[in-house]
Amino acid sequence: MELTASQLAALVNGTVDGDENVKVSTFARIEEGHPGALSFLANPKYTHFVYSTDSSVVLVRKDFVAEHPVKATLIRVEDPYATVARLLEMVTEMSKVEKVGVESPAFIAEGVEVPADAYVGAFAYIGRGVKLGAGVKIYPQAYVGDGCEIGEGTVLYAGAKAYHGCRIGKNCIIHAGAVIGADGFGFAPVEGGYEKIPQTGNVEIEDDVEIGANTTIDRAMMGATRIGRGVKLDNLIQIAHNCSVGPHTVMAAQVGIAGSAKVGAQCMIGGQVGLVGHISIADGTQIGAQSGVNRATKPGDRIMGAPAVEMGEYARSLVYVKKLGSLYERVKELEKQIKEVKN
């Protein structure tokens with residue numbers, strides 16, 4: 001689809017600064033821009049690219065002030081990142097090939113009703129007593145265990161697995177290789193080894209959740225492991241049994257959450273963060289990448305490090321660590337001088 005800058009500005013409620021008739025037909029990162037492409041500037045670290053990019057149009061904030069000449073046409077909007085996200089979604093919807101029907105071979109247990117607008121790909125497995133909502137898409141080699149409920153408009157991509165009894169809400173996206181409802185890591189020490197504790201609960205996922213590739217969410221020992229509405233989980237995340245994640249929380253890749261931890265609403269958790277079990281992370285907590293969290297937080301806390309501390313304290317400690325080498329040398333020199341005075 002080709003649009004002029006003026007048409008694009010009208011679409012995103014922006015204002016044009018430059019050639020209103022220049023046309024764009026594709027997207028490009030600002031540092032990889034080329035004629036005919038639309039780019040955006042959201043991170044200040046990339047500001048220098050706006051002066052050299054070959055993209056025809058760049059989305060910028062309304063208050064952006066150019067310090068050098070800009071050859072691209074600018075479209076000023078409230079939030080460039082959110083704007084480009086909406087545009088990408090529109091393009092994706094327009095170019096999407098709608099899959100409907102049941103491909104062969106696929107196994108669908110007797111008595112399971114497949115809505116007319118649903119899709120079940122080849123080699124998918126749908127177990128006994130499964131309930132499928134309207135418009136559900138089950139891609140090839142996906143597995144839906146006995147008694148699962150999959151809400152309206154939800155997509156399970158190739159190879160995704162939902163074990164027996166799990167409930168997934170409406171308009172969720174489960175990416176390839178994700179496993180919902182595997183046994184929690186429950187073992188009781190006994191003489192000579194460990195005895196497996198049956199995991200009798202399930203996983204309950206609310207509406208509008210997205211779960212990344214190869215992410216795993218374990219079933220509860222009793223009750224349910226719960227993922228709240230609008231949660232976004234990156235690839236390669238592990239959420240253990242009986243955890244709960246509050247609405248609209250986001251987690252980056254390789255986060256690990258131990259059993260029975262509670263994460264509040266609208267939290268932001270960076271990559272490779274580890275949470276010990278049985279703690280509560282309050283609403284609005286932000287946790288920096290590679291942190292190890294062993295205590296509860298208060299609403300709105302911003303923490304980082306291992307063990308995690310307030311971000312300002314963590315930044316100060318880094319400064320101190322960088323000075324340890326010179327401090328050590330000074331102490332050695334002082335010890336030498338004291339020794340010489342004594343002698």
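The values are calculated or read from the model by the stated rules, or taken from the named source; none is laboratory data. Since this is a predicted model, take the numbers as computed values, not measurements. When we count neighbours, we look across all protein chains shown, and the Cβ atoms used for this are built from the backbone with ideal geometry, even at glycine. What goes into the accessible areas is simple: the full protein's heavy atoms, side chains included, and nothing from ligands, DNA or RNA. Shrake-Rupley method; radii C 1.70, N 1.55, O 1.52, S 1.80 Å.
Starting from the range 163-192, take each residue that is open to solvent by 30 Å² or more (accessible area, probe 1.4 Å) and list its partners that are at pLDDT below 95, counting only C-beta distances under 7 angstrom and pairs at least six apart or across chains.
none
Could you check Ser326 against (1) in a loop (DSSP other than H, G, I, E, B); (2) open to solvent by 60 Å² or more (accessible area, probe 1.4 Å) and say which number it fails?
Single failed check for Ser326: (1).
Of the residues that make up the range 263-285, is at least one among the aliphatic types (A, V, I, L, M), under 26 Å from Cys148 (Cα atoms), surrounded by 16 or more Cβ atoms within 10 Å (Cβ to Cβ) and at pLDDT 95 or above?
Yes - at least one qualifying residue is present in the range 263-285.
Is the range 84-97 home to any residue that is part of a strand (DSSP E or B), farther than 15 Å from Val12 by Cβ and touching a residue at least 12 places away in the same chain (Cβ under 8 Å)? Steps first, please.
Keep residues of the range 84-97 that are part of a strand (DSSP E or B), which gives none.
No: the range 84-97 contains no residue that is part of a strand (DSSP E or B), farther than 15 Å from Val12 by Cβ and touching a residue at least 12 places away in the same chain (Cβ under 8 Å).
Residue under question is Gly288, and the condition is that it be under 23 Å from Ala253 (Cβ atoms), open to solvent by less than 20 Å² (accessible area, probe 1.4 Å) and not charged (D, E, K, R); does it hold? Can you show your working first?
Values: under 23 Å from Ala253 (Cβ atoms): yes; open to solvent by less than 20 Å² (accessible area, probe 1.4 Å): yes; not charged (D, E, K, R): yes.
Judged against the criteria, Gly288 is a match.
Restricted to the range 16-73, and to residues that are among the polar types (S, T, N, Q) and open to solvent by less than 50 Å² (accessible area, probe 1.4 Å), which residue is nearest to Thr92 (Cα to Cα)?
Ser39
Please enumerate the residues belonging to the range 193-217 that are of a type in the set (Val, Ile, Thr) and buried (at least 16 other Cβ atoms within 10 Å of the Cβ).
Keep residues of the range 193-217 that are of a type in the set (Val, Ile, Thr), which gives 197, 200, 203, 205, 209, 211, 215-217.
If the condition is that a residue be of a type in the set (Val, Ile, Thr) and buried (at least 16 other Cβ atoms within 10 Å of the Cβ), then Val203, Ile205, Val209, Ile211, Thr215, Thr216, Ile217 are the ones that fit.
For Asp63, state whether it is in a loop (DSSP other than H, G, I, E, B) and under 30 Å from Thr15 (Cα atoms). Full working, then the answer.
Working: in a loop (DSSP other than H, G, I, E, B): yes; under 30 Å from Thr15 (Cα atoms): yes.
Judged against the criteria, Asp63 is a match.
Met251 - would you say it is at pLDDT 95 or above and out of contact with any Ser or Thr (no Cβ under 7 Å at 6 or more places or on another chain)? First the steps, then the outcome.
Working: at pLDDT 95 or above: yes; out of contact with any Ser or Thr (no Cβ under 7 Å at 6 or more places or on another chain): yes.
Against the criterion (at pLDDT 95 or above and out of contact with any Ser or Thr (no Cβ under 7 Å at 6 or more places or on another chain)), Met251 qualifies.
Hey, any hits in the range 119-130 for a residue that's loosely packed, with under 12 Cβ neighbours inside 10 Å and modelled with pLDDT of 95 or more?
For the range 119-130, residues loosely packed, with under 12 Cβ neighbours inside 10 Å and modelled with pLDDT of 95 or more: absent.
List, please: which pairs have Cβ atoms under 7 Å, are six or more places apart or on different chains, and start with a residue in the range 304-316 that is surrounded by 13 or more Cβ atoms within 10 Å (Cβ to Cβ) and in a loop (DSSP other than H, G, I, E, B) and end with one that is of a type in the set (A, V, I, L, M) and modelled with pLDDT of 95 or more?
As it stands, the answer is Ala308/Ile287; Ala308/Val293, since those pairs meet every condition given.
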